[in-house]
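What follows is one structure encoded as structure tokens, with my remarks underneath.
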Amino acid sequence: MRVVSVNVGNIQAYPWRGETASAIAKQPCQLPVEVAKQGLVGDQQADKINHGGEDKAVMVIPESNYALHGVAEQPFGFLGENLTLAGLDESDVQVGDQLQIDSVLLEVSQPRSPCWKLGQINGDQRFVKHYSLSGRVGFYCRVLKGGEISPGLGVSVHKTGSGADIQRLFLAKFHHQSLDDWQLLAEAVTLKALSQSWREEISRLLANQLP
């Protein structure tokens, strides 16, 4: 497992829904990038309610997702990720797993929640539905220990997490129809490492579940 690309983005104005500010378009960095509690130094977020913060400091996309989602011709960072990693995907990690990259230590906190802006950069809102149905959506991490990250570094996964893998957890929240879905969600809210935003969203779903 290794870091394929390290990506940061600046806030730009897009002609979406009148005008929208977004930093979804990330650019690969060739030099080492410092990682702090709030994420990669130099990376910006326009919508700080849904992006960024300590629970969602670093967004990870597996390299294989580019071919899976039909965007293999695009540069890494196109899907909005900070780190593009090879050698693992969403079925390999759980909330609470830790990723060691040189001196940097990350903790998986939640699956990504794809938004309409992903459809905009792909020119088709159906992209978001197909992306979501796969469960291969990427995931967020908090930073337990900062340092520098650069392309080519190895990644070690410490299996300290529990519950459903990221792919299954996302699909359970996306569908929340079967008994298995509800059981996975009920288990997820007990996970200490789960982000606060996902804990609140899942708690609302469970509270509104029909008897």
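Whether any residue in the stretch 185-192 is within 23 Å of residue 24 (Cβ to Cβ) and of a type outside the set (A, V, I, L, M, F, W, C) is what I want to check. No - not one qualifying residue is present in the stretch 185-192. In summary, strands (runs of 3 or more DSSP E) completely within the stretch 119-211 and bearing 2 or more residues that are surrounded by 15 or more Cβ atoms within 10 Å (Cβ to Cβ) and either hydroxyl-bearing (Ser, Thr, Tyr) or in contact with a helix residue (DSSP H, G or I) (Cβ under 7 Å, 6 or more places away or on another chain) (or both) occur at 139-145.
On the given criteria, is residue 150 of a type outside the set (A, V, I, L, M, F, W, C), more than 19 Å from residue 8 (Cα to Cα) and either touching a strand residue (DSSP E or B) at 6+ places or on another chain (Cβ under 9 Å) or at pLDDT 95 or above (or both)?
No; evaluated as a whole, the condition is false for this residue.
Yes or no: residue 155 modelled with pLDDT of 95 or more and within 24 Å of residue 196 (Cβ to Cβ)? No, not satisfied.
Just name the residue that is nearest to the chain's Cα centre (by Cα) out of those in the stretch 15-32 that are buried (at least 17 other Cβ atoms within 10 Å of the Cβ) and not charged (D, E, K, R). Ranking the qualifying residues of the stretch 15-32, first place goes to 24.
Can we say residue 22 is touching a helix residue (DSSP H, G or I) at 6+ places or on another chain (Cβ under 7 Å), in contact (Cβ under 8 Å) with a residue 12 or more places away in the chain and not basic (Lys, Arg)? Give the steps one after another, and end with the answer.
Working: touching a helix residue (DSSP H, G or I) at 6+ places or on another chain (Cβ under 7 Å): yes; in contact (Cβ under 8 Å) with a residue 12 or more places away in the chain: yes; not basic (Lys, Arg): yes.
Yes; evaluated as a whole, the condition is true for this residue.
Among residues that are among the acidic types (Asp, Glu), surrounded by fewer than 14 Cβ atoms within 10 Å (Cβ to Cβ) and at pLDDT 95 or above, residue 81 is not included.
Of the candidates 91, 103, 109, 64, the single residue that is hydroxyl-bearing (Ser, Thr, Tyr) and farther than 16 Å from residue 167 by Cα is 103.
The condition (being acidic (Asp, Glu) and surrounded by fewer than 22 Cβ atoms within 10 Å (Cβ to Cβ)) is satisfied by just one residue among 55, 43: 55.
For first residues located in the stretch 197-209 and within 19 Å of residue 52 (Cα to Cα), partners that are at pLDDT 95 or above and surrounded by 14 or more Cβ atoms within 10 Å (Cβ to Cβ) and lie 6+ apart or on another chain with Cβ distances below 6 Å form the pairs 198/110; 199/189.
The condition of being at pLDDT 95 or above, hydrophobic (A, V, I, L, M, F, W, C) and surrounded by 21 or more Cβ atoms within 10 Å (Cβ to Cβ) holds for only one of 106, 68, that being 106. Considering the stretch 68-109, and only residues there that are in contact with a Phe, Trp or Tyr (Cβ under 9 Å, 6 or more places away or on another chain) and of a type outside the set (A, V, I, L, M, F, W, C), the residue that is nearest to residue 128 (Cα to Cα) turns out to be 69. Scanning the stretch 176-211 for residues that are under 20 Å from the mean Cα position of the chain (by Cα) and among the hydrophobic types (A, V, I, L, M, F, W, C) yields 184, 185, 188, 189, 191, 193, 194, 198, 202.
The values are calculated or read from the model by the stated rules, or taken from the named source; none is laboratory data. Small disclaimer: the values here were computed from a predicted structure and weren't measured. Counting neighbours? That spans all protein chains shown, and the Cβs are built from the backbone with ideal geometry, glycine included.
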